[in-house]
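Inspection log for the structure reproduced underneath, given as structure tokens.
The values are calculated or read from the model by the stated rules, or taken from the named source; none is laboratory data. Predicted, not measured: the structure shown is a model, and the values here were computed from it. Quick reminder, even Gly has a Cβ in these numbers, built from the backbone with ideal geometry, and neighbours come from all protein chains shown. Surface areas here come from the heavy atoms of the whole protein model, side chains and all, with no ligands, DNA or RNA. Shrake-Rupley method; radii C 1.70, N 1.55, O 1.52, S 1.80 Å.
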Amino acid sequence: MRAIYLDLSMGAAGDMLSAALLELHPEPQRFIDEFNTALAGKVRLIAERQSKQGIMGLHVAMDIGGEVEGEEHEHHEHHHHEYASVSKIYGIIDALPLPEKVREDAKAVYAMIAEAESAVHGQSMEQIHFHELGTMDALGDVVCVCMLMNELSPERVFASPMTVGSGTVKCAHGILPVPAPATERILRGIPYQAGECKGEMCTPTGAALVKYYVNQFCAMPVMRVEGCGYGFGTKDFGRLNAVRAMLGEVENQQETVIELRCNIDDMSGEDLGYALERLLDAGALDTWTQAIGMKKNRPAVMLCCLCHEEQREALLRSLFVNTTTLGVREETMNRHSLVRHSETLDTPLGAVRVKRAEGFGVSRHKIEFDDLAAIARREGISLREARERAEKLIEK
């Protein structure tokens, strides 16, 4: 499976992601020329090979009418008084001569940023306005990353947890904590950490691009690397400030998981079912029960769940709250699994979701049961016939 792994240990900004991915492109100059042609002079991409701390990489910047604005300043006050609304930004994107998917991706990323700003400032999205110069700079980075992802075409994107920095950042609204409020809003639901460096290491644009494209946050999977790109940031943190992007084939996944289990002999089936649901809601990777016999010949069940370290405390709490157990056993183990992803296919039978799994020389798929059941009811046929019809359409 063709995949990209992003090392976000030094955070992420739009220009850093653009530079790292551009280094992976087989024809970077052609891409730059196509980007500049598509943006029709509104934004011009400038790429420069640099050496930082003895490592060669790429730094990119956006030239807007002769002015170059680094994304790290996108929060800061400007001497320009022009502003751009969200609808104006969408209009600019819609007018670009780009593949439809790139335009839709770019608008989806910008919607994340606008929704975060809207929530933070207590205004509707229509009321949110961005500084013109900073907007065009960020828009250039968003479109650049969307174009690169479209051309590199990874099947999956993996990433390390995001590092956001610490301390404060000077914004148009004053001195704010890191991560800045809009960045924090965008990052909700994905793993991030402060790290050891002081200052802002993740911008709203970087956060939105990462959240939109990354399928899984994890340690680097087993990967046959074909290329590696270093996208340099402009700040000096005393260490290599770069997003590192690796492109290659992921053959299988190995991860460390924790199994939690307990023995229960005094709960009804309905209560156990509820406990399993709550464990899944708390982030369990899997849950199951197993029939066992306990002392004094009492029939019972062993309730088990799998989780990552980050969910361990939440699942322990859920086990004690939702079951009658007095103790939980824990075991850490390695898990080998196929690389999984889902897709939705439009067929004459309607939208059909398909789960796919690959690795270890194996490739298989399974159609979502709920979709098969819906087809069977709608067409008045058996579940078996619905599955056969759907399989034939998928094979095409």
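List of remarks:
- Of 42/198; 52/211; 101/211; 107/355; 107/392, pairs whose Cα-Cα distance is over 23 Å: 42/198; 52/211; 107/355; 107/392
- Here the accessible area is traced with a 1.4 Å probe on the protein chains. For segment 343-394, carbon and sulfur cover 49 percent of it.
- When +1 charges are put on Lys and Arg Cβ atoms and -1 charges on Asp and Glu Cβ atoms, the dipole computed for the chain relative to its Cα centre reaches about 1260 debye.
- 1.4 Å probe accessible area per residue over segment 183-308, in Å²: 48 Å²
- Heavy-atom accessible area per residue - segment 1-60, 1.4 Å, Å²: 40 Å²
- Helix 204-213 axis, angle to the chain major axis (alpha carbon atoms, nearest 10°): 50 degrees
- Here the Gaussian network model covers the chain, with springs between Cα atoms less than 10 Å apart; of 206, 174, 380, 380 fluctuates the most.
- When you count the other C-beta atoms within 10 angstrom of each residue and take the mean per peptide, 288-298, 26-36 line up highest first as 26-36, 288-298.
- Rounded tilt (10° steps) of 369-379 against the dominant C-alpha axis of the chain: 90 degrees
- Peptide ranges 192-203, 149-160, 266-277 listed from the most packed, as the mean C-beta count within 10 angstrom indicates: 192-203, 149-160, 266-277
- Whole-percent carbon and sulfur share, accessible surface of segment 164-293, 1.4 Å: 46 percent
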